[in-house]
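As structure tokens, the structure follows; a few thoughts come after it.
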Amino acid sequence: MTTATPKLPGHNTLIDAYRKMREIRDFETRISKEFAARTVPGMTHLYIGQEAVAVGVCSHLNETDAIASTHRGHGHCIAKGCDLTGMALELFRKKGGLCKGKGGSMHIADVSKGMLGANAIVGGAAPLALGAALTAKVTKSGAVSVAFAGDGATNQGTTFEAMNMAVVLKLPVIFAIENNGYGEHTARDYAVGADLTERTRAFGIPAVKVDGTDFFAVHAAMAEAVERGRNGGGPSAIEAVAYRWHGHFEGDAQAYRDKAEIKRLRETADPLQIFRERVLAEGALTAEVMDRIDAEVAEAVHQAVETALAAPVPDLSELLTDVYVSY
């Protein structure tokens, strides 16, 4: 794992990064409570504990760059700039949602932001990001794409095939492997037969392993990967290790993991706390600035969810629209 301490990025990047991580944490915390109250239809998979990965990756991207997500996609949406109210409306299946209330948690998307969608298919993101990267190369747009994948998804043939094709065609795609310790209910050490970084390198892809709870480590690794992709150097991979705090889905009893592990993660592996401690120690941001962001985000998340709770459901006449596309 890369251990060198990267330099702090600029002031505006720090402000935006902290805000995005706080938005993810507060949004997911509120959704967890709403799910327990049975106001959120369907299943939902939360991103708490992994905030630094999505934000560290997406802080280098613009709206012409694309990301393809996983079933645990809320954090990726927020990091890529999706609207909080539009997200809340979508999760509650309400009119005005990012996907008109038809996608829900596992299929939330906003193509206008370059967010190609969450994906209920494990390993489904890699081929989508590969296609976006091929488009970028053919059109010479200078864009890159990112395929998010959990440790479980790295065992899928779709991911292996995408990695191989990315090397063959020298495509500007970054494989962001979120090693959160568990593929659904199965521990990584049981299900993955090799070190993920080493296995990715075997395809011929430059790959690094970083602490996924450290925004600065992810941000630095992504800077190199994006530069390589934009300059014609082909694919890259980043394995970010950050255990998820919640279950595979909300309501998961998590009988497969020690409860002491969750307590330890909350105390020692909090991406927001790690961020705060470093910027305070180096005088890059003040506690007052971050506390103000905390308050602003808390209000924004509250307003987004309250708006969604009060919003109407889509009209029945829209039931069969947006189902098929005719060319």
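The values are calculated or read from the model by the stated rules, or taken from the named source; none is laboratory data. Nothing here was measured: the structure is a model prediction, and the numbers come from that model. For neighbour counting, all protein chains shown are included, and Cβ atoms are generated from backbone atoms with ideal geometry for every residue, glycine included. Heads up: the accessible areas ignore ligands, DNA and RNA and are worked out on the full protein's heavy atoms, side chains in. Shrake-Rupley method; radii C 1.70, N 1.55, O 1.52, S 1.80 Å.
Using +1 on the beta carbon of Lys and Arg, -1 on that of Asp and Glu, and nothing else charged, what's the dipole of the chain about the Cα centre, debye to 20? Intermediate values should be presented prior to the final figure.
Working: 34 positive and 40 negative charges, 103 e Å.
Value, rounded to 20: 500 debye.
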For the chain, just give the cysteines left without a disulfide-compatible partner, judged by no other Cys Cβ under 4.7 Å.
C58, C99
The chain: antiparallel bridges as % of DSSP beta bridges, rounded to 5, reads 10
Projected onto the charge dipole of the chain (+1 at Lys/Arg Cβ, -1 at Asp/Glu Cβ, origin at the Cα centre), which of L46, V144, V305 gives the Cα projection farthest towards the positive end?
V144
Please label the shape of the stretch 1-131 as rounded, prolate or oblate, based on the square roots a ≥ b ≥ c of the eigenvalues of the alpha-carbon gyration tensor (a/c under 1.5 means rounded; beyond that, a/b larger than b/c means prolate, else oblate).
prolate
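Given R₀ = 25 Å, what would the calculated FRET efficiency be for A120 paired with L169, taking r from the Cβ atoms and rounding to 0.05?
Calculated transfer efficiency: 0.40.
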At what distance in angstrom do the alpha carbon centres of the stretch 279-310 and the stretch 53-129 lie from each other?
21
State the percentage of accessible surface on the chain attributable to carbon and sulfur atoms; use a 1.4 Å probe and exclude ligands, DNA and RNA.
55
Please give the Cα centre distance for the stretch 192-232 versus the stretch 234-256, rounded to the nearest Å.
17
Given axes a ≥ b ≥ c from the Cα gyration tensor, I'd like to know whether the stretch 66-163 is rounded (a/c under 1.5), prolate (a/b larger than b/c) or oblate.
oblate
Solvent accessible area, Å² - D294, 1.4 Å probe, full protein context
30
Report the GluC sites (Glu not before Pro) located in the stretch 185-283 that are in a DSSP loop and have at most 15 other Cβ atoms inside 10 Å of their Cβ, or state none.
E282
Label the stretch 94-210 by shape, choosing from rounded, prolate and oblate, from the square roots a ≥ b ≥ c of the eigenvalues of the Cα gyration tensor; if a/c is under 1.5 it is rounded, and otherwise prolate applies when a/b is larger than b/c, oblate when it is not.
oblate
Over 32 Å between Cα atoms: which of K7/K33; K7/K80; K20/K100; K7/K102; K95/K209 fall into that group?
K7/K33; K7/K102; K95/K209
